[in-house]
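The values are calculated or read from the model by the stated rules, or taken from the named source; none is laboratory data. The structure presented is a predicted model; accordingly, all values stated were derived computationally and were not measured. Note that each Cβ is placed from the backbone with ideal geometry, even for glycine, and that neighbours are counted across all protein chains shown.
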Amino acid sequence: MNPLTQCHKKIQSHCKRNLCGLWFPLLLLFSLLLIGQTTCSSSNSPLPPPSITSAAQPNQSTQTPVPHPEKTPLNWMGHWYGEDKRETLVRDVAQEFAFRNQDIDITLKFSAEIVGERSKVLTAAYIANMIQTGKIEWDIVWMDDQIYQMVGETLKDPNWGEKYLVNIEEVPGFAQSQKSFIIDDPTYRKQTGGILVGPYLEGYYYTLYYNADLAEKIGVKIKAENMTFDDLLGYVQAVDTYNQANGTHIATFYEAADWTSLEILFQNLFKSELGDFETAREEIVSPEKQAALLKTLQAFEQLGQYHPLIESHAENDWFMTRNLVLEDKALFYINGTWMYSHWQGIDEDKTFKMIPVELPVFQEVDYYLGGYIPTWAIMKDAPHREAAIKLMMYWSTPEVAEKWVRYTKNPTGIKGNVASAATGADVFDQFQATMAEKYGGNVHYAANAGYIFGTMNSQLRPELEAGLRALLTGQATAQEIYSQLISEAKE
């Protein structure tokens, strides 16, 4: 019998026994509860959650989401997989954006999953292949200044972005979301072929990290700022002397086969010799720059006399071996301030024995190696272009910028954030605060060789990097590498 019918019969029976006044309220409540129990599954079912298809996480359900034909798909190639809170930020933004835009169905897949490993080279090749075949599988792609350069080398077109990427500066509201120097300084457009391709979320400084445990063991005290090349040479000599005396094989510098990070040291030394910020970053060739080139190559030849590179440098995959310095395999590690996130994701405790200090210079200057870069770009022929633009504009909001600064201890080019590394207490926070106060907006890094050889020779960077490695391994002289580079440069 239906529970409601039973309840009514009981009420009638009790009323006949003149007990209705006592039992009626209780029985009425009971009947209402029964009705609710039988109807809640159909009349009060919750709304389905926002739709995101993403890279699997621990304990994450692999159940296929119910398709929503009315939703607009959005295929997003992610970045920062395995990079601690940077990856967290990507997943946070995906969830928040999906919740706010329930008409968009996001598929987030990290570039490392798409091409098989975390590689700018393979990512650039993948993007170039999409362009060449016309099969645009990802609306949003991983894109920074280096990937842009690599795609340009494959397509043999340094301005390929104008043809194949959305110029996000033309999107209403974008220019107002970025800090003024991003819009006003033509340097940022030059990074990506004359257009702005995405939000300039990521700011960074390049730094010379040293392993504090090894520095103490070897007996060297590393300068935090105003380090000269002669200071650096003294540290290199000290490591070599220690190894000879103790039969050890501690490297002075970590290096990888797929990322010549010592090019960063070269670029900072070269630019410091010029003594002027505008001269250092403009893409013209001059006798002054040729002299600075030779001097910097000679400095690398000096370093090469002391066997400074880690023995495995020719085999090291950067992403897979970025932990070696944490394991006391090298004294120095040259890279960007993003290494905080990388090392935090590997070993939180060992991260804090890596101390960031300023890169050495030939002479003191009021500018430094660093900058701001985009992280994503939208393909111009993307099937879901408008949804992609909407997501990139969400990345450009103050609330996302705020999270970026707090999560990563890096600056940002997006307006509105109030978090500051200066408020922190650890060595990474202190480094950020010092650099911001000392150099302000006078930061620049060139992803190509145009700053040495001029715009016509911007693609000579691979030849330069090969030359630097030859000098550091004692396989060539500075004069030989200099003559080779000058001969390959177009007039």
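Worth pointing out:
- Residue satisfying all of: in region 115-137; farther than 21 Å from Thr321 by Cα and of a type in the set (Val, Ile, Thr); farthest from the chain's Cα centre (by Cα) among these: Thr133
Condition check ((1) assigned to a helix (DSSP H, G or I); (2) among the aliphatic types (A, V, I, L, M); (3) modelled with pLDDT of 95 or more) across all residues:
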site: Val151; (1), (2), (3): yes, yes, yes
site: Thr154; (1), (2), (3): yes, no, yes
site: Gly193; (1), (2), (3): no, no, no
site: Gly198; (1), (2), (3): no, no, yes
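- For region 296-345, filtering for residues that are touching a helix residue (DSSP H, G or I) at 6+ places or on another chain (Cβ under 6 Å) and free of Cβ contacts under 8 Å to residues at least 24 places away in the same chain leaves 1.
- Residue in region 411-419 that is of a type outside the set (S, T, N, Q), surrounded by fewer than 19 Cβ atoms within 10 Å (Cβ to Cβ), at pLDDT 90 or above and in the same structural domain as Phe277 (by TED's automatic domain parsing) present: no
- Qualifying residue in region 139-146 (condition: modelled with pLDDT of 95 or more, over 14 Å from the mean Cα position of the chain (by Cα), under 23 Å from Gln191 (Cβ atoms) and among the hydrophobic types (A, V, I, L, M, F, W, C)): yes
- Residue in region 238-249 that is among the aliphatic types (A, V, I, L, M), surrounded by fewer than 20 Cβ atoms within 10 Å (Cβ to Cβ) and not assigned by TED's automatic domain parsing to the domain that holds Glu311 present: no
- Contacts under 8 angstrom Cβ, first residue in region 444-457 being touching a residue at least 12 places away in the same chain (Cβ under 8 Å), partner of a type in the set (Ser, Thr, Tyr) and buried (at least 20 other Cβ atoms within 10 Å of the Cβ), 6 or more apart: His444/Tyr367; Tyr445/Tyr206; Ala447/Tyr148; Asn448/Ser458; Ala449/Ser458; Gly450/Ser458
- Residue check: Ile136 meets all listed conditions (1) touching a Pro at 6+ places or on another chain (Cβ under 8 Å); (2) on the phi > 0 side of the Ramachandran plot; (3) not small (Gly, Ala, Ser) but one, namely (2).
- Test: residue in region 358-380 that is farther than 30 Å from Ile168 by Cβ, part of a strand (DSSP E or B) and in contact (Cβ under 8 Å) with a residue 40 or more places away in the chain: yes
- Condition check for Thr248: out of contact with any Leu (no Cβ under 8 Å at 6 or more places or on another chain) and of a type in the set (Val, Ile, Thr): yes
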